[in-house]
Number of protein chains: 2
Amino acid sequence: MPQLGLLPRRTWATLLSQLLRPPRAACISAVGCHSQVAEALLTSQPKPHQEKPNFIIKIPKGTRDLSPQQMVVREKILDMVVSCFKRHGAKGLDTPAFELTEMLTEKYEEHSGLMYDLKDQGGELLSLRYDLTVPFARYLAMNKLKKMKRYQVGKVWRRESPTIVQGRYREFCQCDFDIAGHFDPMIPDAECLKIMCEVLSGLQLGDFLIKVNDRRIVDGMFAVCGVPESKFRAICASMDKLDKMSWRDVRHEMVAKKGLAPEVADRIGEYIQCHGGVSLIEQLFQDPRLSQNKQALEGLGDLKLLFEYLTLFGIAEKICFDLSLARGVDYYTGVIYEAVLLQTPAQAGEEPLNVGSVAAGGRYDELVATFDPKGHKVPCVGLSIGIERIFYIVEQRMKNSFKKVRTTETQVFVATPQKNFLRERLKLIAELWDAGIKAEMLYKNNPKLLTQLHYCENTGIPLVVIIGEQEQKEGVIKLRSVASREEVAIKRENLVAEIQKRLSES
Amino acid sequence: MPQLGLLPRRTWATLLSQLLRPPRAACISAVGCHSQVAEALLTSQPKPHQEKPNFIIKIPKGTRDLSPQQMVVREKILDMVVSCFKRHGAKGLDTPAFELTEMLTEKYEEHSGLMYDLKDQGGELLSLRYDLTVPFARYLAMNKLKKMKRYQVGKVWRRESPTIVQGRYREFCQCDFDIAGHFDPMIPDAECLKIMCEVLSGLQLGDFLIKVNDRRIVDGMFAVCGVPESKFRAICASMDKLDKMSWRDVRHEMVAKKGLAPEVADRIGEYIQCHGGVSLIEQLFQDPRLSQNKQALEGLGDLKLLFEYLTLFGIAEKICFDLSLARGVDYYTGVIYEAVLLQTPAQAGEEPLNVGSVAAGGRYDELVATFDPKGHKVPCVGLSIGIERIFYIVEQRMKNSFKKVRTTETQVFVATPQKNFLRERLKLIAELWDAGIKAEMLYKNNPKLLTQLHYCENTGIPLVVIIGEQEQKEGVIKLRSVASREEVAIKRENLVAEIQKRLSES
């Protein structure tokens, strides 16, 4: 029987129980996100005898608007992720939101019921994309590309239900990086894991662990445990639920629903407790049953090489070979991996969040061939960042820290203490805009000075330029720092240069 | 009768004929864009007796993939547009790709047949968004927001046909900026025009002109010409086709299809020849018929104020008051505008492109109220950049200039001249990545040096680090400039610093 590797058994047990615990915190706060919307819904019920719209104003189930606050967080995180992808030489790609339905079906098997289909309005049958991987494979095949390193950021749609209470949305963003092409073994695979580490470290989400396995080891394990080959994918799908269900429940599903013999399930149950590092690979090479299986041996050989490369990349201690990892998607053929946050750092008064998987991927060597008329293979390996979960964690953390997020980048506000200075303000602000300075003013003919200064304080604008009668006479503009409330008079012709100097210093 | 203003009549006539000419160049090259795809389609027809897919591999009609080359161009243009929106204090917003169908219908009237509906899979009736304006209005009403300055970039979908031959796609990107709220007249409207000028100047697309009109002047004109009020919107829709059809054809549509009396159409025909600047506004104030119409007078008054602000912004000479401008969308209530490129600068051997409208917008004061149960108004004014046309112009220009676009940003390539140096390369490249340097290597155990250097030349990577036996012995790495082919030996521990120095200098 294989033994636990790398870490003492108790540590692993604690980790495991943490990882398998249902993400309660996530559920509650995802609903919290919608409280504003819910409130809008409650208060916007039309009253009788009104001529106005007789519908309840709302957005589709499982979707949401992203507020300016959320957009700021997203932009920062996406910038960081995309710059990591570019650091690794990836090219950008975009594909349509929908594909011909026949391009998507059979790719997801058990999941294809979750696809959004478009109405037949005369013409082609279309469905919204379910992920970014299948469109990428379709793109490679259609353009006869034999290799490509690409990233793609975009929305995908899945009709999962009930959605919001689980913290899952039906429309969500994916960030994918993939390497397609015939290469020497495990070099691109190792780079994918390196990228996952760089992204997760860079975002400072706290400690994480990447579980690694190989579909060939999973299948080999099923074979030596006595699973009939026809049940491989179904049993694999059950195993994939181990991050949401206990082994007891998964075992029950395998036996009662999928018709697996109890003793076969128990043999699987023994294997899937194994996790560790290189030493576990060596152990399994010696495993009397597994070592008889050709597929499993191939998988173990590749994993051994992979760990060598991961050590050279300096990330081996972040990676854990875990026999319980299955990955639900059907198209994987080799190495598979999934990153989990061990715990987000609990700050003062903060509940530790358990968000489960935040990045995942694997090797899919056969998918492109399914699109190619001649069945030409283009081996691929890739990863998808669970960007929605990451957004959620960072948003929660900011909420808990009571930090105010600026939703605009305005640097200078143009104000006046006097009436009838609209024209001077308009001339001045155009000058600032033309110099590339981010500037705002109030759209009022005669705003009060206090209103204008409050606007700056509320929105975090650091500088105010003030023009009035006195200043106009003297040919100067007052430049005020909102934080210090200090004001200096600047010659009108030097204003832009002075503002640029101040902004470059801050 | 109103006379032409600002420019001599002949200049305007030349301009007008240019603007009304059908965009032939655009048609041809939009098809050209798809040649790769078309080729893939032709060559990927499945042959009989093959076990492989029996479908033709393709993407939905009217959609396209964006290649890495196209993505690079888009990213640069979008960055420029969004940074302009941010310079004006706009906040980001995102809304779902689809809305409840009932939220969208009646907003586009004649166009609602162009909406993509989702299949009824049990649950809500949904449609893909047709623009970003209606979702913005829905967002304001749902969240009871009384003011907001927001931008949004995203895809919208319209089932127009035949699509590609017209250079139009059924899936395309929109970039919108809008100002919602009760403000003093024409200040936000003037800012929208300023933004259009900044974007179009900033992108260096060549000379442009922004045509301005007001829906109240259009309606006033219809009224004094004798158009029955019930036909206002239908006649307005016909008038909107003046940038694709001649007045003769538009007049025919008005009379034959929409049942307008010929003499009424001829009266409209006289007015819509008028374009000019402030002097035209003054003339129309004196127009015996139009000056009797309250709505028209309100519109003229606002336009006069608008031109005053545009002069202060220094952009009045880019703006032309044009009575033929109608704007097709139904929700506009006040000022409307549309920017046209007069001609892209024809470079050596380049056909001048006529692409028509590249930005447009207007005031829509009633749209939010249609979503609000109590009918509360939130006046809005905004603009949409015709980003697809701009992408197309810039892509064509780059194609004609034979400039090679780099699709990756890789700064350093890690090479070796010897066999069995994979491990050293892996260690070295991880060091570069960890220092934030964009680096690539070939995924081969033993690549040839020439192959590696060719890769750098083909992809535009400026620097190569070379590690071999000799270098390892001496504790150095060779740093090679791809352009000059000069090589220097750098101490291994100084490598990252030296690379960073070189990159900061270039």
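The values are calculated or read from the model by the stated rules, or taken from the named source; none is laboratory data. This one's a predicted model, so the numbers in the text were calculated from it and none came from an experiment. Virtual Cβ from ideal backbone geometry, glycine too; neighbours counted across all protein chains shown. Heads up: the accessible areas ignore ligands, DNA and RNA and are worked out on the full protein's heavy atoms, side chains in. Shrake-Rupley method; radii C 1.70, N 1.55, O 1.52, S 1.80 Å.
What to note about this one:
- Pairs from A:Lys399/B:Lys155; A:Lys107/B:Lys444; A:Lys144/B:Lys61 whose Cα-Cα separation, in the structure shown, is over 25 Å: A:Lys399/B:Lys155; A:Lys107/B:Lys444
- Counting, for every residue in B:424-437, the Cβ atoms of other protein chains within 10 Å of its Cβ and taking the mean gives 4.
- Protein accessible area in the stretch B:174-302, 1.4 Å probe - carbon and sulfur %: 50 percent
- Residue-wise HN-Hα coupling along the stretch B:261-271, computed from phi with Karplus coefficients 6.51, -1.76, 1.60 (Hz; x: Gly, Pro): 5, x, 5, 5, 4, 5, 5, 4, x, 6, 4
- A cut-off of 5 Å between modelled amide H atoms, ignoring neighbours fewer than 5 places along the same chain, links A:Gly92 with A:Tyr151.
- Cross-link pairs B:Lys257/B:Lys294; B:Lys403/B:Lys427; A:Lys403/A:Lys491 - those with Cα-Cα distance over 32 Å: B:Lys403/B:Lys427; A:Lys403/A:Lys491
- Cβ-vector label at 7 Å, A:Thr451, separations to other copies in nm: 7.1
- Overall form of the stretch B:412-505 per C-alpha gyration tensor (a/c, 1.5; a/b vs b/c): rounded
- Antiparallel content of DSSP bridges confined to the stretch B:412-505, in %, to 5: 60 percent
- Calculated diffusion of the stretch B:341-482, Stokes-Einstein form, Kirkwood radius summed over Cα pairs, 37 °C and 0.692 mPa s, µm²/s: 163 µm²/s
- Position A:Arg233, label points 7 Å along Cα→Cβ, spacing to each other copy in nm (shortest first, one decimal): 5.0
- Fraction of accessible area attributable to carbon and sulfur, the stretch A:368-442 (%, probe 1.4 Å): 52 percent
- Centre-to-centre separation between the Cα atoms of the stretch A:228-243 and those of the stretch B:123-156: 42 Å.
- Where chain B is rotated onto chain A, the residue of B whose Cβ comes nearest the axis, and that gap in whole Å, is B:Lys119, 2.
- Taken per residue, the accessible surface of the stretch A:412-505 reaches 50 Å², heavy atoms only and a 1.4 Å probe.
- Cα gyration tensor shape of the stretch B:179-296, rounded if a/c is under 1.5, else prolate or oblate by comparing a/b with b/c: prolate
- Relative contact order of the stretch A:412-505, taken over Cα pairs closer than 8 Å and 6 or more residues apart, is 28 percent.
- As a calculated quantity, the FRET efficiency between A:Leu503 and A:Asp79 at R0 = 22 Å, using C-beta atoms, amounts to about 0.60.
- Mean sequence separation of contacting Cα pairs (under 8 Å, at least six apart), scaled by the length of the stretch B:250-305, corresponds to a relative contact order of 21 percent.
- Close amide H partners of B:Val335, meaning residues 5 or more places away or on another chain with modelled amide H under 5 Å apart, are B:Arg215, B:Arg363.
- The B-A contact accounts for roughly 9700 square angstrom of buried accessible surface, both chains included, probe 1.4 angstrom.
- Per-residue mean of C-beta atoms belonging to partner chains within 10 Å, peptide A:193-204: 1
- ³J(HN,Hα), Karplus 6.51/-1.76/1.60, whole Hz, each residue of the stretch B:57-70, x for Gly, Pro: 7, 7, 10, x, 3, x, 10, 7, 7, 9, 6, x, 4, 5
- When you restrict to C-alpha pairs under 8 Å that are six or more residues apart and normalise by the size of the stretch A:156-255, the relative contact order lands at 12 percent.
- Sum of side-chain charges, B:Glu493 neighbourhood, beta-carbon under 14 Å (Lys, Arg +1; Asp, Glu -1): -1
- Within the stretch A:412-505: Cβ-based charge dipole about Cα centre, in debye rounded to nearest 20 (Lys, Arg +1; Asp, Glu -1): 240 debye
- Counting Cβ atoms of other protein chains within 10 Å of each residue's Cβ and taking the mean over peptide A:81-93 gives 6.
- Qualifying lysines (Cα of each under 18 Å from Cα of B:Lys404; at least 8 residues distant if same chain): A:Lys91, B:Lys76
- Alpha-carbon centroids, the stretch B:401-465 and the stretch A:370-389: separation in whole Å: 24 Å
- Here is how far apart the A:Ser83 label points are across copies: 1.4 nm, shortest first, using a point 7 Å from Cα toward Cβ.
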